[in-house]
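Contents: one structure, followed by commentary.
The values are calculated or read from the model by the stated rules, or taken from the named source; none is laboratory data. Since the structure is predicted, the reported quantities are computational estimates derived from the model, not experimental observations. With ideal geometry, Cβ positions are generated from the backbone for all residues, glycine too; neighbour counts draw on all protein chains shown. Ligands, DNA and RNA are stripped out before the accessible areas are found, and what is left, the full protein with its side chains, is counted by its heavy atoms. Shrake-Rupley method; radii C 1.70, N 1.55, O 1.52, S 1.80 Å.
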Amino acid sequence: MVHSFIKHPLLPSLLLLLCSVFSLCSARTVKIRDICSKHPKPDICGKILLSLPGAAEAVDLRSASLYVINVAHGNATEGAGDPETRQRYNACSKDYTDVLLSLARAKKSYSSGNYSDLKSNGAIVIKDVQDCDTKATDSTYVLLINQDVVDTSRIIVILADYLAGKY
Ligand SMILES: *[C@@H]1O[C@H](CO)[C@@H](O)[C@H](O)[C@H]1NC(C)=O
Ligand SMILES: *[C@@H]1O[C@H](CO)[C@@H](O)[C@H](O)[C@H]1NC(C)=O
């Protein structure tokens, strides 16, 4: 009986489902300091990760990734909905439409465990936002939101590398 259960053709999919739903198989905790040492602004990176509920010295990689994607999404929604951006920086609005799309894709790649795709979506967000930077140089507010999205997305890229097993 046990033997036939183990060989059941649906078992691999069941395990995969359990892995992705409860992150039973990939639970891995990493020190915030180690993650943020790979970030150009370790202090800001640390502050963002410490705002994750339950975060102390270390964070669970999968929870932290989802959290950081959501923080970036929150900032990007703010950027996309900002009336000044929409009226004065029409080109930036297009960048932000792309940013929101890439963040939605990032969430999908995260859910399906496609971490190389997660990484490239994080990198696309950074490029799009930097593109907006060049068009909104006279708006402190737009530049501030852009900076927050870039800082957060750099963490997404780092965490994607961790999840993919690079570190
Ligand atoms: C990951 O996503 C990319 C882009 O959508 C796709 O080309 C690739 O086949 C995916 N990899 C896996 C293992 O599903
Ligand atoms: C970006 O999001 C964070 C977390 O929600 C928030 O504290 C910060 O004020 C946001 N940045 C801007 C410029 O709205």
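Brief remarks on what is shown
- Using a probe radius of 1.4 angstrom, the carbon and sulfur fraction of the accessible surface of region 28-163 is 54%.
- Cα-based reach from LYS31 at 26 Å (exclusive), listing lysines while leaving out same-chain residues under 8 positions away: LYS41, LYS47, LYS107, LYS108, LYS119, LYS166
- GNM flexibility winner over the chain from THR137, THR97, THR77 (Cα, springs under 10 Å): THR137
- Derived scalar couplings between HN and Hα for region 94-103 equal 5, 4, 5, 4, 5, 4, 5, 5, 5, 6 Hz in order, rounded to whole Hz, by the Karplus curve 6.51 cos²θ - 1.76 cosθ + 1.60 (θ = phi - 60°), x for Gly and Pro.
- Probing with 1.4 Å while keeping every protein chain in the model, the per residue accessible area of region 28-163 equals 48 Å².
- Per residue, the chain reaches -24000 deg cm²/dmol at 222 nm when only DSSP H runs of four or more residues are counted, each adding -39500 (n - 2.57).
- About its Cα centre, the chain has a charge dipole of approximately 620 debye under the convention of +1 per Lys or Arg Cβ and -1 per Asp or Glu Cβ, with nothing else charged.
- Distant-in-sequence amide contacts of ALA58, defined by a placed amide H-H separation under 5 Å and a gap of 5 or more residues or a different chain, comprise ILE32.
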